[in-house]
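The values are calculated or read from the model by the stated rules, or taken from the named source; none is laboratory data. Please read these numbers as outputs of a predicted model, since none were measured by experiment. Reconstructed Cβ throughout: ideal geometry from the backbone, glycine too, with neighbour counts over all protein chains shown. SASA here: full protein model, heavy atoms, side chains in, ligands and nucleic acids out. Shrake-Rupley method; radii C 1.70, N 1.55, O 1.52, S 1.80 Å.
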Amino acid sequence: MRLFEMMKYLDIDTSNLKDFEVKSLSTLEEATPSDLIYIDQDKYLDKLSTCKAGATLVSEKNAPLIPSHIQAIVVKNPHLAFAYLSSFFAREMFEESGAEPKVASSSKVMSGAYLGRDVEIGEDCVIMAGAVIGDRVKIGNGCKIFPNVVLYADTLIGDRVSIHAGSVVGSDGFGYAHTQDGAHIKIYHNGRVVIEDDVEIGANCTLDRAVFGETRIKKGSKIDNLVQIGHNCIIGEHTILVSQVGLAGSTTTGRNVVMGGQAGSGGHIHIGDFTQIAGRGAVGKNLPPHTKWGGHPLMELDEWMKFYVTLRRMVKKQG
Amino acid sequence: MRLFEMMKYLDIDTSNLKDFEVKSLSTLEEATPSDLIYIDQDKYLDKLSTCKAGATLVSEKNAPLIPSHIQAIVVKNPHLAFAYLSSFFAREMFEESGAEPKVASSSKVMSGAYLGRDVEIGEDCVIMAGAVIGDRVKIGNGCKIFPNVVLYADTLIGDRVSIHAGSVVGSDGFGYAHTQDGAHIKIYHNGRVVIEDDVEIGANCTLDRAVFGETRIKKGSKIDNLVQIGHNCIIGEHTILVSQVGLAGSTTTGRNVVMGGQAGSGGHIHIGDFTQIAGRGAVGKNLPPHTKWGGHPLMELDEWMKFYVTLRRMVKKQG
Amino acid sequence: MRLFEMMKYLDIDTSNLKDFEVKSLSTLEEATPSDLIYIDQDKYLDKLSTCKAGATLVSEKNAPLIPSHIQAIVVKNPHLAFAYLSSFFAREMFEESGAEPKVASSSKVMSGAYLGRDVEIGEDCVIMAGAVIGDRVKIGNGCKIFPNVVLYADTLIGDRVSIHAGSVVGSDGFGYAHTQDGAHIKIYHNGRVVIEDDVEIGANCTLDRAVFGETRIKKGSKIDNLVQIGHNCIIGEHTILVSQVGLAGSTTTGRNVVMGGQAGSGGHIHIGDFTQIAGRGAVGKNLPPHTKWGGHPLMELDEWMKFYVTLRRMVKKQG
């Protein structure tokens, strides 16, 4: 889409701008000269010298700091303007156009399953009744997609992956920009979900697609039922997430992390290799590897185990 | 259904009663002269003078207090008797009888979607594979109903609403009356769910229909994945409910309320405009507007932030 | 399958073993002479004298303690070896082979529902659009299986059971053995789920099948939306589980237990008859009958109610 067409939609004066074909919205780190980005926090300004974007949405205050190789488009609220523009780049998830699906002859697609366009399915898979496989999804070999699973468009699945009934992979992440009068404007999510080899996902889970780039479940990880994985999470190899765990967007874990039932994490947090979170533990900060935690607020497990014992003794004395 | 037929089912003597055609079960506030209600708490007695119901189920103790324009039907346990009678008024959800669905020509119903009888779908909608739209559901313009969504009968959907894969709208609320020997008798839910314009609902959510009247999600609200909304909840405009939030029945919120991930509320509670609940916050009482809360038990956020810091210092001193 | 074939797969020397047809993997208590078991904890050694298994996987250390009527198969990690072998006994869930389903003439199977092989459905049932009924499932009389419910193979359903949209019954339990390098090897679950008469299950719940034997929901129990029931749980009669409750594997309850919203239990725990857990309560130990509990860590409800009141007073004094 042409930049000027987008600017017209935002009602922005283009007299100081140069038109070009905008290929996609992107991030500061990954943008190419045909991409558009936005800057809404001062901390990103430092990184602009190496940024290759063709143009950026930016506030009036920060506009003078944009290097000359990037067109500065001044808007009141860059995040909000970005959200409005994201709708132009939204891809259809279940389009019913494109090439017929390719399914290896050793794989079985049960009656009542739905395959979208340009889907590819490898050897020895079973796609069970009621499963809905969105456009351009690629599934490796030896996978079991149980009944009524939904894979949104562009999901990439490795080998020997099982996804149990009712789970949803690749739905839109929960991201909105906010207008001055309190309305929430959807940020269309054009990233995808990647599930590596030997992952098993339980029933009725939800794994959101990334804004850009990927939400990724690395090889050998095991996810129980009713687990929520937010957009852009990266789950390390051989990680175990027990039932009803909820991970906010951009949570990342190392390998062999274990999170007990109903545990949760805030967003933009890293949990180190082999670290364990007790059931119901609420992770609100980065955690080092090889440690154990529990509670809300989160404490090291040793402290948590003693904490309430001591408190109860103190309360009894008061009583 | 005739009152006497219902009384026969309950094995109640009708010699002092007058028969009439009971149109529906209802509430004290909304009943018409052809409706039946029940009184199981003394606090409702005051309001009876303005109540228009034709008859009420009532305990022997309270029977003398029923005004003469309402027939008093004496039963041991009014709530239980009501539950038994509710089955007579249960409507079929997925009936396969009635008029053919009406779908605007600009809308697309994908193969594998199911439309019930008397369904109406407006312009520019997509009903995706595996979605099941119950009888008498009405959907406005520009809506996206993603794969395997289930809308129970009578659900009313506004314009530009998106409901992501696997979400269930309009299932029965969790309401039972209890017999003396501990069995639970279902209260059939004959209300509906109304979703206003510009609402987005994530994947695998559950929104229960009302007992009477409505469960309502007001315009512009955004609901993340795996969220539970109990029967008769009213969610105010532009409210945000993050993943795994659970609202018990009859929770109401003002506008622009925010509830973080895994937060919850007890029933019959109001959360004021613009009030924010931190993730995992457990709301057990009415909350005023423009306030911030967290924790379980719930405290104002400022107090909660300091509370555990102080406790940990106190515990360390003890140690 | 022949024992020696299995040993070959595990690369185990069979020169001191006697080959036989292994009928199934089983438990110490239930094994027959044609079954194989494993011993990975010393506490099970006492019970071996009455065990009827044909053979057991066992560590070198414990091998001399195996009675002579049971063949001792020495392996490094009995649990892991067992997990590897479990794949040989995995049954197909949605096979598309076997006898045509038998459906009583008074029952209705809506278009878009899927019935597997050898399914039996009694009188006056409705199987709604998008429901997927796995092989060998038996459903009694008067049941309502709402849209997009998935019943995995071998599930047994009593009379007058309702299962609301999107719930999944009989998916694999979350059980793995672990290799030395941190990979998780699936333990195939060959047990089943049994749901007794007059049970109602809400929307988008997940109930896992047992490893061996049964996960069982006893008669009259009522389960709200988004509830997780782990493998081998036994839920007592007339029990109430409110929305978002999560029960880890092998939790058992007595009759008329009540668990409030978002409550949870660790595994291998018993909750006594008529005991009540407040919303968000975290059950980590066996609980006696007729008691009330809340909080995390769990306390008797009376203590819990006062606990935080006292703490807040203490903290205020400090401040």
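Quick one: putting +1 on the C-beta of Lys and Arg, -1 on the C-beta of Asp and Glu, what dipole do you get for chain C around its Cα centre, in Debye to the nearest 20? Write out the running numbers ahead of the final one.
On the way: 33 positive and 37 negative charges, 268 e Å.
Charge dipole, chain C, about its Cα centre: 1280 debye, nearest 20.
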Only Lys, Arg (+1) and Asp, Glu (-1) charged, at Cβ; the stretch A:167-302 dipole about Cα centre in debye: 100 debye
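Given the protein assembly as shown, what percent of its DSSP beta bridges are antiparallel, to the nearest 5?
Percent antiparallel among DSSP bridges in the protein assembly as shown is about 10.
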Could you work out, residue by residue across A:114-120, how many beta carbons of other chains sit within 10 Å of that residue's beta carbon, and then give the average as an integer? 2
Heavy atoms of C:Met93 accessible to a 1.4 Å probe, total area in Å² rounded to 10: 20 Å²
Identify the residues of the stretch A:166-204 with backbone N under 16 Å of a label point that sits 7 angstrom from the Cα of C:Ala90 along the Cα-to-Cβ direction, or state none. A:197-203
Within 10 Å of each Cβ in C:201-211, how many Cβ atoms from other chains are there, averaged over the peptide? 6
Average accessible area per residue (Å²) across the protein assembly as shown - probe 1.4 Å, nucleic acids and ligands excluded: 39 Å²
Report the Cα centroid-to-centroid distance between the stretch C:106-159 and the stretch B:285-306 in angstrom, as an integer. 46 Å
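In whole percent, how big is the carbon plus sulfur part of the accessible area of the stretch A:167-302, probe 1.4 Å, protein atoms only?
Working: 1920 of 3870 Å².
Carbon-and-sulfur percentage of accessible area, whole number: 50.
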Apply the Karplus curve 6.51 cos²θ - 1.76 cosθ + 1.60, θ = phi - 60°, to the phi angles in the stretch A:153-163 and return the couplings in whole Hz, x for Gly and Pro. 3, 6, 5, 10, 10, x, 9, 6, 9, 10, 10
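Considering only the other residues whose Cβ falls under 15 Å of the Cβ of B:Ser171, what net charge follows from Lys and Arg at +1 and Asp and Glu at -1?
On the way: positive: B:Arg91, B:Lys186, B:Arg192, B:Arg209, C:Lys144, C:Lys222; negative: B:Glu92, B:Asp135, B:Asp154, B:Asp172, B:Asp208, B:Glu214, C:Glu200, C:Asp224.
Overall, the nearby charge balance is -2.
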Between C:Ser59, B:Tyr308, B:Met1, whose Cα lies farthest towards the positive end of the dipole of the protein assembly as shown when Lys and Arg beta carbons carry +1 and Asp and Glu beta carbons carry -1, centred on the Cα centre? B:Tyr308
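Applying 1/(1 + (r/R0)^6) with R0 = 25 Å to the Cβ-Cβ distance of A:Thr14 and B:Lys108, what FRET efficiency is obtained, to the nearest 0.05?
The value I calculate is 0.10.
State to the nearest 20 debye the size of the charge dipole of the stretch B:84-156 about its Cα centre, where the only charges are +1 on K and R beta carbons and -1 on D and E beta carbons. Kindly include the intermediate steps, with their values, before the conclusion.
Values: 7 positive and 10 negative charges, 36 e Å.
With Lys and Arg at +1 and Asp and Glu at -1, about 180 debye.
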Expressed in square angstrom to the nearest 10, the accessible area of A:Ser105 with a 1.4 Å probe stands at 120 Å²
Rounded accessible area of B:Glu21 (nearest 10 Å², 1.4 Å probe): 90 Å²
Once you have the Cα-Cα distance between C:Asp302 and C:Asp181, take 0.36 nm times their residue separation minus that, and quote the gain in nm to one decimal. 38.9 nm
How big is D for chain C, in µm² s⁻¹ as a whole number, if Stokes-Einstein is applied with the Kirkwood radius of its Cα pairs at 4 °C and 1.567 mPa s? 60 µm²/s
How shielded is C:158-171 by partner chains, expressed as the average number of their Cβ atoms within 10 Å of its Cβ atoms? 6
Please report how far the C-alpha centroid of the stretch C:26-58 lies from that of the stretch C:174-232, rounded to the nearest whole angstrom. 23 Å
Leading residue at positive end of dipole, the protein assembly as shown (Cβ point charges), from A:Val211, B:Gly170, A:Leu287: A:Leu287
Part-to-part distance (alpha-carbon centres) for the stretch A:248-283 and the stretch C:233-272, which is given in Å: 25 Å
Keeping the other protein chains in place, figure out the carbon and sulfur percent of the accessible area of the stretch C:73-145, with a 1.4 Å probe. 48 percent
Here the correct list, in nm and shortest first, of distances from B:Ser24 to the same site in the other copies, label points 7 Å along Cα→Cβ, is 5.1, 5.1
GNM flexibility winner over chain A from A:Phe307, A:Phe89, A:Phe20 (Cα, springs under 10 Å): A:Phe307
Sorted by chain and then number, the residues having a modelled amide H within less than 5 Å of the amide H of B:Val109, at least 5 places away or on another chain, are B:Ile127
Report the net charge of residues surrounding A:Asn77, where surrounding means a beta-carbon distance below 14 angstrom and charges are Lys +1, Arg +1, Asp -1, Glu -1. -2
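Once B and C are treated as a pair rather than alone, how much accessible area drops out, both sides summed, in Å² to 100, probe 1.4 Å?
Numbers: alone 15960 and 15970 Å², together 28500 Å².
What B and C bury together is about 3400 Å².
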